[in-house]
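Bear in mind that the values in this text are calculations on the coordinates, not laboratory data. Fair warning: this is a prediction, and the values are worked out from it, not measured in the lab. Cβ placement follows ideal geometry from the backbone for every residue including glycine, while neighbour counts extend to all protein chains displayed.
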Amino acid sequence: MDYLAYDRQRHRVWVPAGNTGSVDVIDTDQNTVVRLEGFATAEVERKGKKRTVGPSSATVGQGVVYVGNRGDGTVCAIDAATLRREGCVTIPSMPDGLAYVASTKEVWVTTPRDRSINVVDVATPGSPKLKGEIRFDGEPEGFAVDDARGIFYTNLEDKDRTLAIELKSRTVVATWLPRCGEDGPKGLALAGDANFLFVACADAALVLDAGHEGKTLARVPTGEGVDNIYYLEGQRALYVAAGRAATMTVVQVDARGGLSVSATVATSPGARNPVVTDQGTAYLTDSQQSRILVVRPR
């Protein structure tokens, strides 16, 4: 499992469940699960090992949740209320992360194998259509959307760079150096009110001042194995799960961009990529055990 999505309006966590060919939808109020089946899977080879891939990412749009599938290279729309599958579009390369962009009515799809982002038109929410492509000289990894300022953020993982891209022109307007090292930057999250951009390194999280030339304001170690991260605006808290360290770190963010660890929770080897409810309950992927870990605030 890779990217989860949280539908705040309906209190549901969406879990693209990879090799099962399904998407599981968790009702966080009732603690129940609905399984949506019938998604394509495919066998691929990576580093000499074969594995089965399928749905792996989701993002919440306007009354619709979009699911990216590595099994057949599609992005499909699912009605967020009825859970009925609607239209799909095939993109040229295996999708990684999906990000809904409300201001332009688009879904941006990172496709690192092709060193690109594919832009999908969702002006008609249930009928996604391929709209365009942005090419890079590196592999895009992670995403954050600043609709208010018209900026999309991603990293170039293999170049150790963080990019700011203007949504309307689709041009790179700033390049910053997070200095994550050989493993490169991973996930991104945004504090829109303060214009702080959080960057995940493999063993740390840092905050860049996106309003002032991407200056690094603070950095905090979090343990090895970090991928995607989550920022809970209402609590000014950054959630960072480290799969190799088997911990989740909750980091408080002050008004100046300072970072301080407020909690470190033991999780499970491989657990990562949290999404968090407004009450501070975190849901993490635990692919090794084929489960979702739920970490509730104390």
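Would you work out if region 147-206 is rounded, prolate or oblate? Take a ≥ b ≥ c from the square roots of the eigenvalues of the alpha-carbon gyration tensor; rounded if a/c is under 1.5, else prolate when a/b is larger than b/c, oblate otherwise. Oblate is the answer for region 147-206, as a/c is 1.5 or above yet b/c matches or exceeds a/b. Each part gets one Cα centre, and for region 174-213 versus region 72-119 those centres are 24 Å apart. What is the local net charge at GLU182, summed over the other residues whose Cβ is closer than 15 Å to its Cβ (Lys, Arg +1; Asp, Glu -1)? Summing Lys/Arg as +1 and Asp/Glu as -1 gives -4. Excluding GLY257 itself, calculate the net charge of residues whose Cβ lies under 14 Å from the Cβ of GLY257, where each Lys or Arg counts +1 and each Asp or Glu counts -1. Combined, the nearby Lys, Arg, Asp and Glu give 0. Quick check: from the Cα gyration tensor, does region 44-191 come out rounded (a/c under 1.5), prolate or oblate? Oblate. For region 95-161, the Cα-based Rg and Dmax, in that order, read 11.8, 36 Å.
Applying the Karplus relation 6.51 cos²θ - 1.76 cosθ + 1.60 with θ = phi - 60° to region 232-239 yields 3J(HN,Hα) values of 9, 4, x, 10, 6, 10, 9, 9 Hz, where x marks Gly and Pro. Considering the chain at the alpha-carbon level, its Rg and Dmax are found to be 17.7, 48 Å. Remark on ALA263: its backbone amide H falls under 5 Å from those of VAL250, a criterion applied only to residues 5 or more positions apart or on other chains, H modelled at 1.01 Å from N. For ALA174 and GLN30, calculate 0.36 nm times their separation in residues minus their Cα-Cα distance, and state this gained length in nm to one decimal. Working it through step by step, the gained length comes to 47.5 nm. Sequence-ordered 3J(HN,Hα) estimates for region 186-200 from the Karplus curve with 6.51, -1.76 and 1.60 and θ = phi - 60° stand at 10, x, 9, 8, 10, 9, x, 5, 9, 6, 9, 10, 9, 10, 8 Hz, glycine and proline given as x.
Once the chain from GLU224 to GLU45 is taken as fully extended at 0.36 nm per residue, the excess over their C-alpha distance is 61.9 nm. When the Cα gyration tensor is reduced to axis lengths a ≥ b ≥ c, the ratio a/c is 1.5 or higher for region 1-56, and with a/b above b/c it is classed as prolate. Which residue fluctuates the most in the chain, going by a Gaussian network model with Cα springs under 10 Å, if the choices are LYS47, LYS159, LYS131? Result for the chain, Cα springs under 10 Å: LYS47 fluctuates most.
Applying the Karplus relation 6.51 cos²θ - 1.76 cosθ + 1.60 with θ = phi - 60° to region 224-229 yields 3J(HN,Hα) values of 7, x, 7, 10, 8, 10 Hz, where x marks Gly and Pro. Database remark: amide H of LYS186 closer than 5 angstrom to the amide H of ALA200, CYS201 (H placed geometrically; neighbours at sequence offset of 5 or more, or on other chains; Pro and chain starts carry no H).
Under 13 Å of direct C-alpha separation, and excluding same-chain neighbours fewer than eight residues apart, LYS159 reaches these aspartates and glutamates: ASP137, GLU139, GLU141, GLU182, ASP183. Normalising by residue count, region 182-298 has a Cα convex hull of 88 Å³ per residue. Modelled spin-label separation between ALA123 and GLU37, with each label point placed 7 Å from Cα along the Cα-to-Cβ direction: 3.9 nm. Amide H contacts of ILE151 (H built 1.01 Å from N, in plane; Pro and chain starts excluded): ASP146, LEU167 sit under 5 Å, all sequence-distant by 5 or more or on other chains. Pairs spanning more than 27 Å between alpha-carbon atoms, out of LYS47/LYS186; LYS131/LYS215; LYS50/LYS186; LYS50/LYS131: LYS131/LYS215; LYS50/LYS131.
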